[in-house]
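The values are calculated or read from the model by the stated rules, or taken from the named source; none is laboratory data. Given the structure is predicted, the values throughout are model-derived calculations rather than measurements. All Cβ positions, glycine included, derive from the backbone under ideal geometry; neighbour counts span all protein chains shown. Just the protein is used for accessible areas: all its heavy atoms, side chains included, with ligands, DNA and RNA removed. Shrake-Rupley method; radii C 1.70, N 1.55, O 1.52, S 1.80 Å.
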Amino acid sequence: MNAAVALPAAVEAARPLLAVLDMAGVAVFAVSGALAAARAKQTIVTFAFFAAVTGIGGGTLRDLLIGAPVFWVGRSDYLAVCLIAAGAVWLLRADRWRLQALLWFDALGMGAYAVIGAAKAQNYGVPPLPAVVMGVLTASFGGIVRDVLAGEPSVLLRREIYVSAAALGAASFVGLSALGLAPLSAGIIGAAAGFGLRAVAITTGLALPGYRTEK
Amino acid sequence: MNAAVALPAAVEAARPLLAVLDMAGVAVFAVSGALAAARAKQTIVTFAFFAAVTGIGGGTLRDLLIGAPVFWVGRSDYLAVCLIAAGAVWLLRADRWRLQALLWFDALGMGAYAVIGAAKAQNYGVPPLPAVVMGVLTASFGGIVRDVLAGEPSVLLRREIYVSAAALGAASFVGLSALGLAPLSAGIIGAAAGFGLRAVAITTGLALPGYRTEK
Amino acid sequence: MNAAVALPAAVEAARPLLAVLDMAGVAVFAVSGALAAARAKQTIVTFAFFAAVTGIGGGTLRDLLIGAPVFWVGRSDYLAVCLIAAGAVWLLRADRWRLQALLWFDALGMGAYAVIGAAKAQNYGVPPLPAVVMGVLTASFGGIVRDVLAGEPSVLLRREIYVSAAALGAASFVGLSALGLAPLSAGIIGAAAGFGLRAVAITTGLALPGYRTEK
């Protein structure tokens, strides 16, 4: 969020909540990065690297593209959250837990990030279509880099509905804002739409059809 | 191109043509990205992602490196062209066509982009050697990322003449400009040189020799 | 280093030495990139690309993240060093030499870069924890991209102590500076600490333990 932009009172009131959600989103993504390192039987250093790339990679690309100062560079808390997530997964052997819960937290984080990414881009004057793309990148780029580095098939190459859910969330937010809806309402609806589609995919296995040359 | 830089009348006259060529270059590269997604039997979302990465990835890296605003972020048309390219490849089942034509369009796009990338860098005050590198990156980086994401052997790891052709085109443009040739003439000669070398490679299979420890 | 920042006389006196070390570090990393191309029996163009990515990739990411002009874009010497390194490895068939020496030069470059990267970040106002991360990225990111492009297992996925040594060096420098030690002393101690840990790893095979679910 761009502090220089005057926001309506309702959004101001939601700021502390947004800050908590933002940090929680980084933590959830960082845990998913550390779990990828655990699957690969990696060292604690790789745990930390994967946690950071996954936790803050998407927002980093967004900030570079829209010309904003990269959000985690001027402060220590985002990196600290990533390091704590990596250490916790290592020490608690979190990969042995049943991680259905994580899947749901990740879905929440994805929904929130798609909206946060699009909103920050719009605050920097980015028009609707690229703003939606910024929301999608914020929500999915960290995980893509994690998968490329770990040598796992990336979410991009799976048919699972993930990037599409982020796109739905970001597009709903941008579209409803353009129609005049208040940012907070548009954001909640957008995040809920993205989360909802992802929830359907998790529970029903709904997936996109792959391209077929013969039908 | 940097609008703040006064350009000679001949270049001004060529602007509409350049704009068309620029958008055509994005479209050709985007189609090649979508075709990689088709080869991998991917979903429409991956088609769109690959089309965008390949279509605008090279120019994005160039703009980040030279400190320019990233060219597609402030407007919607470049992304729209990439999405249309992805949709068209999917709907028209373009991977079943004989795509010799695409190879030639790609060669044209590469020649034009090598010159456009180097020219933009020089407009931002970049000296000759890094400006040539910016031309090469503009013409080839999108395809490299596409190949890494798709898990295909990248053009970097093939002996095919591609990056070299981009380097010849960018270096010819920068060298001729330094010798005092008008930008438009230097650009046409540079693009023709890059395209020409690539054309020889396409028609004759000309390739660079690999490194050998025993000769 | 940021020329706009007034530095103590001792640091000023060390400038020519630092400039030589800096260029030597780029050369060593560039050689390691060219050697990866040689192992893969690549062409001279790929030699040059790998040399440049490895030689200047880490500092490039650092500069983008901290909002500094990318260090090699406004001048020609860094790229020239990379091209010369690539040409020298090709012509001298350097991959047939016994390269124990290179391993040691690389360790020296890593130690120096971890400190240089952290120092530049602090000159740009970056707080301690992200400054340490910038040191680590400067020292290791080029090699990571080289490995991903070459399809080799990246240093990230090996248990070898490398990234940890860079972290130790950068953290020692940042910590000692915070305790009031003069930059030059803190830098020498930091680089020595990073180099020393790496030296132990090279000579004894010391490695980090991988994550194990059963102990």
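Listed values, structure above:
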quantity	calculated
Chain B, accessible area per residue, ligands and nucleic acids excluded (1.4 Å, Å²)	41
Relative pair counts by distance (%), Cα atoms of segment A:93-142, 10 Å bins	28, 38, 21, 11, 2
Largest-first principal axis extents, alpha carbons of segment C:131-174, Å	34, 18, 9
Nm distances between copies for A:ALA24, ranked from closest, using label points 7 Å along Cα→Cβ	5.3, 5.3
Cα convex hull of chain B, projected area averaged across orientations, nm²	13.1
Charge-dipole axis of segment B:9-204 as Lys and Arg at +1 and Asp and Glu at -1 on Cβ define it, positive-most pick from B:VAL200, B:SER185, B:ALA37	B:ALA37
Nearest-first distances (nm) between copies at C:ALA207, label 7 Å from Cα via Cβ	3.4, 3.4
Dimensionless Rg over Rh [segment C:37-81; C-alpha; Kirkwood]	1.07
Equivalent ellipsoid dimensions for segment A:147-194 as semi-axes, Å, which come from the Cα gyration tensor, largest first	30, 9, 8
Taking the C-alpha atoms of the protein assembly as shown, convex hull volume expressed per residue in Å³	179
Convex hull per residue volume in Å³, alpha carbons only, for segment B:59-116	90
Percent accessible area from carbon and sulfur atoms, the protein assembly as shown, protein chains only, probe 1.4 Å	70
